[in-house]
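Student: Input: one structure, supplied below.
The values are calculated or read from the model by the stated rules, or taken from the named source; none is laboratory data. This is a predicted model, so every value here is computed, not measured. Cβ placement follows ideal geometry from the backbone for every residue including glycine, while neighbour counts extend to all protein chains displayed. For the accessible areas, the whole protein counts, side chains as well, though only heavy atoms, and no ligand, DNA or RNA atoms are used. Shrake-Rupley method; radii C 1.70, N 1.55, O 1.52, S 1.80 Å.
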Amino acid sequence: MYTTMAPMLVQAKQEGKGIPAFNIHALEVVPMMALTAAEKNCPVILQASVSTAKYIGFHLLTAVVREVVAALEIPVALHLDHAAKLEDISAAIDSGFSSVMFDGSMLPMEENISRTREAVAIARKASASIEAELGIVGRGEVTGSNPYTDPDDAARFVAETGVDALAVGIGTHHGQYKAKTNINLDVLKAIHEKVSIPLVLHGGTGVRDEDVRTCIRLGMHKLNFGTELNVSWVRAAKEVFGAAELNESLRGLMTRCNNAMADTIRKKIDLVRF
Ligand code: 13P
């Protein structure tokens, strides 16, 4: 069932559970992701970065997701991840994405608030859900700058923008898969005390399993996993394609890579639906 993100997160919050959000990097993985979530009876958010949405095509991606999930009983949302431009938010909404993220985290606070409010207005017109970000989720190496979201700022940001979910900086990093991430649970606890809407864990790859569960207990109900899924596909691909005959069916080769990613998806679902 194709749906919006907000009610899924509200229910997850009531149940004390997490909703996994899996990053799509290519169209090929979309049916496998949805069917694996259905097999586990787990509501799921399928999300694409702006680059991936443009690579696949906004309309094609929406059409495939809608078609694949139409017959499924689990709720599935299609979400645009980290859009920094309102025109990309509009492109996603116009093509039928049921959820978007406006990422103004690099902007000064006042500008982040005002641009996010514009994004909220665009989303609301189409009854779509919206996530925003305050604080820094790094990329790659840990830098010296303070990545943490200020709890009072978070409370004000939520009150003034009306977003459905908020991504906050607690020390996670996108794309980190070679080492474990040290997250600051005290910061998360302080944010959770001041913010009642569902929070979002970005950079889920590399976060220890026990920390993911603590994050859920501390108000994070959308848990993003991208790199680890990609790594499992590419690792399988190196082996499978490396050993393949040149005339071997691409279908069979890709299915084996998809199966490897599906195993990682099952593990993440078991992790967040405890
Ligand atoms: P990872 O790629 O580190 O799992 O992060 C995914 C994410 O947060 C997408 O926004």
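Student: Could we say that A260 is away from the ligand (no atom under 13 Å from the Cβ) and not in a helix (DSSP H, G or I) here?
Tutor: The answer is no for A260.
Student: Quick one: N258 ticks every box in (1) over 21 Å from D81 (Cβ atoms); (2) open to solvent by 10 Å² or more (accessible area, probe 1.4 Å) bar one, so which box is it?
Tutor: So the condition that N258 fails would be (1).
Student: While we're here: Please go through the range 142-154 and pick out each residue that is open to solvent by less than 40 Å² (accessible area, probe 1.4 Å) and either within 26 Å of R124 (Cβ to Cβ) or more than 16 Å from the ligand (Cβ to nearest atom) (or both).
Tutor: Scanning the range 142-154 gives T149, P151, A154.
Student: Could you list, ordered by first residue, the pairs with Cβ atoms under 7 Å in which the first is in the range 234-261 and under 15 Å from V29 (Cα atoms) and the second is open to solvent by less than 80 Å² (accessible area, probe 1.4 Å) and modelled with pLDDT under 95, at least 6 apart or interchain?
Tutor: If the second residue must be open to solvent by less than 80 Å² (accessible area, probe 1.4 Å) and modelled with pLDDT under 95, no pairs are left.
Student: Right, here's the next one. Just wondering, is there one or more residues in the range 30-51 that are of a type in the set (K, R) and free of Cβ contacts under 8 Å to residues at least 12 places away in the same chain?
Tutor: Taking every residue of the range 30-51 in turn, none turns out to be of a type in the set (K, R) and free of Cβ contacts under 8 Å to residues at least 12 places away in the same chain.
Student: Also: Could you grab me the full set of residues in the range 1-27 that are more than 16 Å from the ligand (Cβ to nearest atom), touching a helix residue (DSSP H, G or I) at 6+ places or on another chain (Cβ under 6 Å) and in contact (Cβ under 8 Å) with a residue 40 or more places away in the chain?
Tutor: Hit for the range 1-27 is Y2, nothing else.
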